[in-house]
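J.: Just dropping this structure here.
The values are calculated or read from the model by the stated rules, or taken from the named source; none is laboratory data. Just so it is clear, the structure is predicted and the values come from calculations on it, not from any experiment. Glycine also receives a Cβ, built like all others from the backbone with ideal geometry; neighbour counts cover every protein chain displayed.
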Amino acid sequence: MPVPPAASAADPRLVRNTCILAHVDHGKTSLADHLVASGGSGLLHPRLAGSARFMDHLPEEQRRAITMKSSSVALRHAHPTGVHRVHLIDSPGHADFCSEVSAAARLSDSALIVVDAAKGVRVQTHAALRQAFVERLRPCLVLNKLDRLITDLLLSPEDAYARLRRILAEKTGASKAMLLRGFWGPYYIDKEKKAILPLTGSAADQQPAFVQNVLKPLWKVYQRGLMPNSAEWLHNNVVSGFNLKVSPRELRSKDPKVSLHAVLRAWLPLAESVMEMLVECTPDPIAAQAFRVPRLMPERRVAASGRASIVAETELLRSCVAACSTSASAPVVVFVSKMFAVPYSMLPSNWLNGELLNHNHGHSEPESEEECFLAFARVFSGVLRAGQKVFVLSPMYDPVKGDDASGKKVQEVELHCLYKMLGQDLVPVDSVAAGNVIAIQGLGQHVLKSATLLSTKNCWPFSSMTFQVSPTLKVAVEPSNPADLGALLRGLKLLNQADPLDVYTVSQRGEHVLAAAGEVHLERCIKDLQERFAKVQLEVSKPLVSFMETIQGEDASLMGSMKAEQGFVDRTTPNGRFTVRVQVIRLPDALTKVLAESEELLGQIIDGESSQFAQDGGPICDEPMRGVAFVVEPYIFVNDDDVVTHSDDNIFTGQLGAAFAVLGDCRAKVLKEEMQEGTSLFTVHAHLPVAESFEFAEKLRKRTSGAASAHLAFSHWECISQDPFFTPQTREEIEEFGDGSSIGPNLAKKLMNSVRRRKGLHVEEKVVEYGTKQRTLARKV
């Protein structure tokens with residue numbers, strides 16, 4: 001529908017915010033290159049598209065050829081309805097950097113789901129779709145690398161069509177009406193009747209319209225274009241016929257693939273098609289925010305007494321966000337999805353009018369002399385201006401309770417500079433209207449990882465983002481030179497702020513523990529810590545495996561366990577006037593799963609203090625507890641009589657054989673194995689203990705000479721069935737094991753002792769201090 005004449009450049013109807021989501025190596029960054037070359041106003045030459053990796057500007061990204069962080073670029077696309085601004089956010093496909101995907105999805109309204117046509121839907125494709133669903137984004141499918149169906153899999157057009165149908169119709173579950181647009185679906189074109197009719201299979205010449213009109217011509221060009229001396233045929237049948245602009249040098253190249261790809265880029269421009277899809281098929285911020293506001297700002301139920309003004313102001317902000325109001329009088333609502341660090345040398349030195357920029361604005365950045373922290377953010381309501389004062393709300397802020405003693409849940413801050421992002425380049429702007437993605441300078445000392453910026457503090461912050469994995473890989477770090485401890489501590493603080501998912505803690509032994517999502521993520525964190533933030537040589541321990549403690553027993557009902565007369569402990573105060581009885585019960589597995597998935601909601605109910613419903617240190621080896629409920633019964637003795645006040649119970653709640661050999665060595669459970677259609681490659685899905693996973697990839701590489709690779713992602717918690725304290729007690733156990741010396745290896749005990757040793761806790765084990773060789777009394781004859 002045409003935009004009314006009143007539409008201007010600031011109209012959010014001329015804005016599109018989209019992110020690129022996909023499995024690793026499915027072509028996200030190459031697609032971004034083509035889009036930047038098409039609408040980037042000279043940011044990237046079209047000939048470099050696909051090889052420049054414009055959005056991967058970190059040296060480590062270029063070296064590894066994978067995306068490690070989400071970055072944005074503002075593009076322009078001319079359309080009959082007006083010149084549209086497209087904020088394109090490229091995001092990683094590796095599971096270790098899923099937090100960057102969450103940060104990108106929160107600021108977007110739609111998602112380009114890129115799928116390699118040859119590889120099909122993979123693990124991170126499903127994860128990307130889940131993230132798009134959680135954030136209520138409109139997904140748009142981009143089938144990439146169709147040429148591999150010809151060159152690698154050697155499929156016919158009919159077989160390729162069947163493969164594409166398996167990727168799309170069956171995977172999305174979309175209705176036929178949504179998929180049957182254009183040529184897609186089980187229909188063919190009857191040229192005599194000039195109609196599109198359903199395929200009946202009765203006539204041999206019936207072919208799906210997509211095969212007949214899209215795939216067959218494409219296959220013909222590929223097969224003919226790859227033949228020697230094909231330049232003349234391409235020129236006569238494709239270049240001239242479609243009036244394409246192709247370089248004569250490329251067309252006469254000795255390599256047929258160079259000529260073919262040059263012709264295809266001109267004949268079927270990828271960027272133009274995707275840009276048209278973004279403008280015509282994805283929502284603008286007005287439509288998107290109206291749909292997304294229940295996720296971003298869920299309704300809150302609070303006691304009416306004395307809270308009417310807070311509820312009313314919250315509803316006003318909610319309505320402005322739903323409408324994406326750009327009025328000058330509208331309240332300002334901004335969400336920061338992550339903080340990222342850039343060297344001060346990369347910041348623009350001049351304002352738009354040539355005026356010299358003062359990046360510190362009189363405020364020094366004590367955390368770092370060389371790194372500046374910028375907020376990756378989006379304006380959801382109002383107009384944000386440089387120099388404006390806003391309230392910074394942490395995710396745990398509650399306007400009903402106000403700030404706590406730390407004074408960090410809500411802070412009033414004056415913003416420094418606003419920047420439009422062009423990949424690694426930043427362009428200063430004086431104001432940003434609702435619906436746009438922006439970088440903000442001035443929040444480095446006030447935002448740790450994410451936050452909500454408001455023009456009022458009488459409102460709840462945006463809901464927290466969800467992450468597909470958690471940081472389970474832990475190492476202890478210390479400086480090689482003890483004198484550099486201060487620099488390490490400052491560096492760890494900066495790294496914790498710059499990375500959305502890493503977690504820094506100090507153990508009871510004083511170890512500085514860094515937690516990451518996986519091996520690649522950990523390597524990136526250590527490299528940044530050594531070279532950017534701490535700039536000292538580090539000593540890194542072997543991975544520290546995360547465990548959780550629980551209790552085992554028969555699956556009794558929850559209420560039945562609570563009524564049991566045994567399994568409790570009483571403790572009485574020294575004056576004898578107060579007694580607490582605590583009973584520990586095992587929660588059903590289903591309830592444990594629900595509690596784990598509802599962590600955000602529970603945090604809102606009990607003020608975010610997770611220790612109220614999960615003990616941080618259990619009795620086995622001081623690890624967090626899971627699947628356990630504590631029933632607390634306090635008894636207050638009023639006088640010497642037997643009268644007690646009993647409160648209500650409260651619960652706080654290729655080389656396949658070698659690959660299988662490695663899996664067996666590492667105690668893996670193989671779930672399924674499948675062969676990739678059209679190839680000789682096998683994919684094996686297995687569950688692997690985290691304790692073994694750190695060496696699994698290296699073992700696999702050595703055992704298979706690099707012919708097999710592993711993709712690891714955290715899956716779930718699983719109980720170890722063995723009892724670390726098992727000793728024979730029953731008659732049957734004594735008959736089988738005797739005094740216990742004949743019991744085989746106890747994995748639970750082995751892991752428990754290893755953790756206790758690392759933490760400096762007591763370990764019960766037999767140590768032979770003075771051993772002598774046993775002598776026999778028998779005389780040798």
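J.: Would you check which residues across segment 684-706 are touching a strand residue (DSSP E or B) at 6+ places or on another chain (Cβ under 6 Å) and over 22 Å from Ala516 (Cα atoms) and list them?
T.: Val684, His685
J.: Turning to a different aspect of this structure: Mind listing whichever residues of segment 415-433 are touching a Gly at 6+ places or on another chain (Cβ under 9 Å), crowded, with 20+ Cβ neighbours inside 10 Å and assigned to a strand (DSSP E or B)?
T.: Within segment 415-433, Cys417, Ala433 qualify.
J.: What residue, of Phe725, Phe714, is aromatic (Phe, Trp, Tyr), out of contact with any helix residue (DSSP H, G or I) (no Cβ under 6 Å at 6 or more places or on another chain), modelled with pLDDT of 80 or more and part of a loop (DSSP other than H, G, I, E, B)?
T.: Phe725
J.: With segment 545-660 as the region, which strands (runs of 3 or more DSSP E) entirely inside it contain at least 1 residues that are in contact with a Pro (Cβ under 9 Å, 6 or more places away or on another chain), at pLDDT below 80 and not assigned by TED's automatic domain parsing to the domain that holds Arg301?
T.: 578-586, 644-646
Each row is one residue, and each column tells you yes or no for (1) modelled with pLDDT under 75; (2) aliphatic (A, V, I, L, M); (3) more than 27 Å from Ala118 (Cα to Cα).
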site	(1), (2), (3)
Ala174	yes, yes, no
Phe183	yes, no, no
Phe210	no, no, no
Pro217	no, no, no
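J.: Does Ala290 qualify as being among the small types (Gly, Ala, Ser), surrounded by 12 or more Cβ atoms within 10 Å (Cβ to Cβ), more than 43 Å from the chain's Cα centre (by Cα) and farther than 19 Å from Asn144 by Cβ?
T.: no
J.: Tally the residues that are more than 28 Å from Val83 (Cβ to Cβ), among the aliphatic types (A, V, I, L, M) and out of contact with any strand residue (DSSP E or B) (no Cβ under 7 Å at 6 or more places or on another chain), restricting the search to segment 297-331. Steps first, please.
T.: As a first pass, look at segment 297-331 and keep what is more than 28 Å from Val83 (Cβ to Cβ): 297-319, 331.
Those still in the list that are among the aliphatic types (A, V, I, L, M) too: 297, 302-304, 308, 310-312, 316-317.
Among the residues that remain, those that are also out of contact with any strand residue (DSSP E or B) (no Cβ under 7 Å at 6 or more places or on another chain) are: 297, 302-304, 308, 310-312, 316.
Going through segment 297-331 one residue at a time, the tally reaches 9.
J.: Still on this structure, please answer the following. Please tell me if Arg532 is of a type outside the set (Val, Ile, Thr), surrounded by fewer than 15 Cβ atoms within 10 Å (Cβ to Cβ) and over 22 Å from the mean Cα position of the chain (by Cα). Spell out the reasoning first.
T.: Working: of a type outside the set (Val, Ile, Thr): yes; surrounded by fewer than 15 Cβ atoms within 10 Å (Cβ to Cβ): no; over 22 Å from the mean Cα position of the chain (by Cα): yes.
So Arg532 does not fit the description; no.
J.: Here's another thing I want to ask about it. If you go through segment 449-478, how many residues are surrounded by 20 or more Cβ atoms within 10 Å (Cβ to Cβ), over 25 Å from Ala713 (Cβ atoms), touching a strand residue (DSSP E or B) at 6+ places or on another chain (Cβ under 7 Å) and not aromatic (Phe, Trp, Tyr)?
T.: Selection size over segment 449-478: 5.
J.: Here's another thing I want to ask about it. For segment 252-291, which residues satisfy the criterion of being of a type in the set (Asp, Glu) and assigned to a helix (DSSP H, G or I)?
T.: Listed by number, the residues that qualify are Glu272, Glu276, Glu280.
J.: Mind listing whichever residues of segment 230-249 are touching a helix residue (DSSP H, G or I) at 6+ places or on another chain (Cβ under 7 Å) and part of a helix (DSSP H, G or I)?
T.: Correct list: Ala231, Trp233, Leu234, His235, Val238, Val239.
J.: Taking Pro298, is it surrounded by fewer than 19 Cβ atoms within 10 Å (Cβ to Cβ), assigned by TED's automatic domain parsing to the domain that holds Ser381, closer than 29 Å to Arg16 by Cβ and under 40 Å from the mean Cα position of the chain (by Cα)?
T.: Values: surrounded by fewer than 19 Cβ atoms within 10 Å (Cβ to Cβ): yes; assigned by TED's automatic domain parsing to the domain that holds Ser381: yes; closer than 29 Å to Arg16 by Cβ: yes; under 40 Å from the mean Cα position of the chain (by Cα): yes.
When the stated conditions are applied, Pro298 passes them.
J.: Could you tell me whether segment 69-78 includes any residue that is modelled with pLDDT under 90, surrounded by fewer than 24 Cβ atoms within 10 Å (Cβ to Cβ) and touching a Lys or Arg at 6+ places or on another chain (Cβ under 8 Å)?
T.: No, every residue in segment 69-78 fails to be modelled with pLDDT under 90, surrounded by fewer than 24 Cβ atoms within 10 Å (Cβ to Cβ) and touching a Lys or Arg at 6+ places or on another chain (Cβ under 8 Å).
J.: Answer with yes or no whether Ala127 is in contact with a strand residue (DSSP E or B) (Cβ under 6 Å, 6 or more places away or on another chain) and either among the aliphatic types (A, V, I, L, M) or surrounded by fewer than 24 Cβ atoms within 10 Å (Cβ to Cβ) (or both).
T.: So Ala127 does not fit the description; no.
J.: Can I ask one more? Report yes if some residue within segment 80-90 is over 30 Å from Arg13 (Cα atoms) and either assigned to a loop (DSSP other than H, G, I, E, B) or not assigned by TED's automatic domain parsing to the domain that holds Ala516 (or both); otherwise report no.
T.: Checked segment 80-90: no residue is over 30 Å from Arg13 (Cα atoms) and either assigned to a loop (DSSP other than H, G, I, E, B) or not assigned by TED's automatic domain parsing to the domain that holds Ala516 (or both).
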